[in-house]
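J.: For reference, the structure I am asking about is given below.
The values are calculated or read from the model by the stated rules, or taken from the named source; none is laboratory data. Here the structure is a predicted model, which means the values were calculated and not measured. Positions of Cβ are backbone-derived with ideal geometry, glycine not excepted, and every protein chain shown enters the neighbour counts. For the accessible areas, the whole protein counts, side chains as well, though only heavy atoms, and no ligand, DNA or RNA atoms are used. Shrake-Rupley method; radii C 1.70, N 1.55, O 1.52, S 1.80 Å.
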Amino acid sequence: MRFALALLLPLFLMACAGSGKDRNASSMTAADLIDGREMQAVVSTDRDDSYVIGATDLLRIMVFQVPDLSSEQIRVDAAGDIQMPLVGSIRAQGRTPLGLAQEIESRLGERYLQNPQVSVSVSEAASQKITVDGAVTKPGVYKMQGRTTLLQAVAMAEGATRVAALDSVAVFREVDGRRMVAVFDVGAIRAGQAPDPEVIGNDTIIVDTSRLSSIMREVLAALPALGSFAYY
């Protein structure tokens with residue numbers, strides 16, 4: 001992975017050199033910057049309503065005032081279905097939690113309950129994974145446990161190592177088919193001096209270290225304000 005990043009980062013530096021282009025252009029260039037707070041607002045607002053359920057996800061399904069039909073833990077099977085009392089097998093994969101709740105309400109309302117109220121939330125997004133690399137104890141690919149922040153992602157990899165530069169933690173993300181990158185100061189986040197951003201499925205998190213290439217350091221230094229994203 002580090003070799004792949006080493007190949008991609010020079011392209012990003014070249015893009016940054018052209019960042020003085022007109023921001024009012026109708027189409028975004030490779031150097032256009034995205035405000036991290038705006039991005040984070042989109043990610044964190046009603047995430048359960050936009051998340052698409054996948055196979056092996058763990059769900060919490062509550063039927064209002066009917067505890068026998070409610071469950072704190074229902075695992076989506078490998079085929080993408082769940083099993084519920086009375087209604088049997090229901091397709092969960094490919095639906096949002098809101099869409100699944102509406103389907104359960106419809107089935108319960110057909111025969112068993114009058115105006116049922118159902119809520120569905122994702123307890124474990126097993127189908128969503130993040131990669132944590134760089135100066136962490138155990139680099140690797142990790143399953144997301146519901147909503148996951150940057151600090152929690154680093155903790156999944158058993159924390160940063162002694163050589164980690166906590167003020168230089170990069171998050172690589174793909175949005176609408178394009179790659180983005182932002183740098184965060186984890187030390188400031190831990191101290192409560194900066195918000196802890198939410199990470200999403202397929203993010204790659206790189207904790208900087210003195211052993212990484214000078215190219216990585218140049219990229220991190222070239223990035224604008226904390227939490228701002230740039231296309232590369």
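J.: Counting Lys +1, Arg +1, Asp -1, Glu -1, what net charge surrounds I130 among other residues with beta carbon under 14 Å of its beta carbon?
T.: Value of the local net charge: 0.
J.: Using the alpha carbons of the stretch 74-135, what is the convex hull volume per residue in cubic angstrom, as a whole number?
T.: In the stretch 74-135, the Cα hull volume divided by residue count equals 97 Å³.
J.: Per residue, how large is the accessible surface of the stretch 64-137? Use a 1.4 angstrom probe and give square angstrom.
T.: 53 Å²
J.: Within the stretch 123-149, list the residues whose amide N lies under 13 Å from a label point set 7 Å along Cα→Cβ of E158.
T.: Inside the label zone: 136-140.
J.: Further question: Over the alpha carbons of the stretch 92-166, what is the largest minus smallest coordinate on each principal axis, giving the biggest first in Å?
T.: Principal-axis extents of the stretch 92-166 (Cα, largest first): 62, 17, 13 Å.
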